[in-house]
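Each remark here refers to the structure printed beneath this line.
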Amino acid sequence: MTHYLISFPSAAMVLSPEDFPDVVRDSHAVIQEAKDAGVYVFGGGIDEDVAPVLVAADGTVTEGTYPQTKEFDGGYTVLDLPSREAALEWAQKIAKSCRCPQEVRAFQYDPLA
């Protein structure tokens with residue numbers, strides 16, 4: 001099994017206030033489906049009210065993020081799935097519930113994990 005990151009940036013989710021309750025309900029239902037299927041690992045959204053910091057190997061803490069990173073926000077779900085095809089199927093369910101496209105990425109295999 002492979003862990004897949006299914007995500008979207010905040011700007012991709014454009015909702016009216018009237019649509020928001022339906023999106024919350026639908027997205028929670030998909031996550032519950034993933035939990036019931038035993039594939040859910042982790043999910044959530046980046047708290048955009050908390051500023052990022054960089055921590056160097058020597059312990060130096062710098063406000064902000066990598067210079068080449070413009071934004072890192074939005075929602076993320078990590079699922080443990082048997083194939084890329086399965087990841088694409090789950091991404092479609094999440095896209096439908098969130099009303100926005102989802103990006104799919106596979107984590108590299110770690111033989112020691």
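The values are calculated or read from the model by the stated rules, or taken from the named source; none is laboratory data. None of the values given here were measured: they were computed from a predicted structure. Every residue, glycine among them, receives a Cβ derived from its backbone with ideal geometry; neighbour counts consider all protein chains shown.
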request  = Name the single residue, out of those in segment 24-70 being at pLDDT 95 or above and in contact with an Asp or Glu (Cβ under 9 Å, 6 or more places away or on another chain), that is farthest from residue 9 (Cα to Cα).
outcome  = 38
key: Restricting segment 49-87 to residues that are of a type in the set (Asp, Glu) and either part of a strand (DSSP E or B) or in contact (Cβ under 8 Å) with a residue 12 or more places away in the chain (or both), the residue that is nearest to residue 102 (Cα to Cα)   = 73
remark   = Residues in segment 55-80 that are polar (S, T, N, Q) and exposed (fewer than 10 other Cβ atoms within 10 Å of the Cβ) total 2
inquiry  = I'd like the full set of residues that are surrounded by 14 or more Cβ atoms within 10 Å (Cβ to Cβ) and of a type in the set (Phe, Trp, Tyr), limited to segment 81-113.
reply    = 90
remark   = The correct count of residues that are in contact with a Phe, Trp or Tyr (Cβ under 8 Å, 6 or more places away or on another chain) and either loosely packed, with under 10 Cβ neighbours inside 10 Å or in a loop (DSSP other than H, G, I, E, B) (or both) in segment 31-43 is 1
query = Of 7, 16, which residue is more than 12 Å from the chain's Cα centre (by Cα) and modelled with pLDDT of 90 or more?
reply = 16
key: Residues satisfying the stated conditions in segment 26-48, i.e. without any contact (Cβ under 8 Å) to a residue 12 or more places away in the chain, among the acidic types (Asp, Glu) and closer than 16 Å to residue 90 by Cα   = 36
query = Quick one: is residue 73 of a type in the set (D, E, K, R) and within 30 Å of residue 111 (Cβ to Cβ)?
reply = no
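What are the residues in segment 70-86 that are of a type in the set (Ser, Thr, Tyr) and over 22 Å from residue 3 (Cβ atoms), if any?
none
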query = If the Cβ limit is 7 Å and pairs must be 6+ apart or interchain, which residue in segment 1-25 that is in contact (Cβ under 8 Å) with a residue 40 or more places away in the chain and surrounded by fewer than 16 Cβ atoms within 10 Å (Cβ to Cβ) pairs with which residue that is β-branched (Val, Ile, Thr) and part of a helix (DSSP H, G or I)?
reply = 15/23
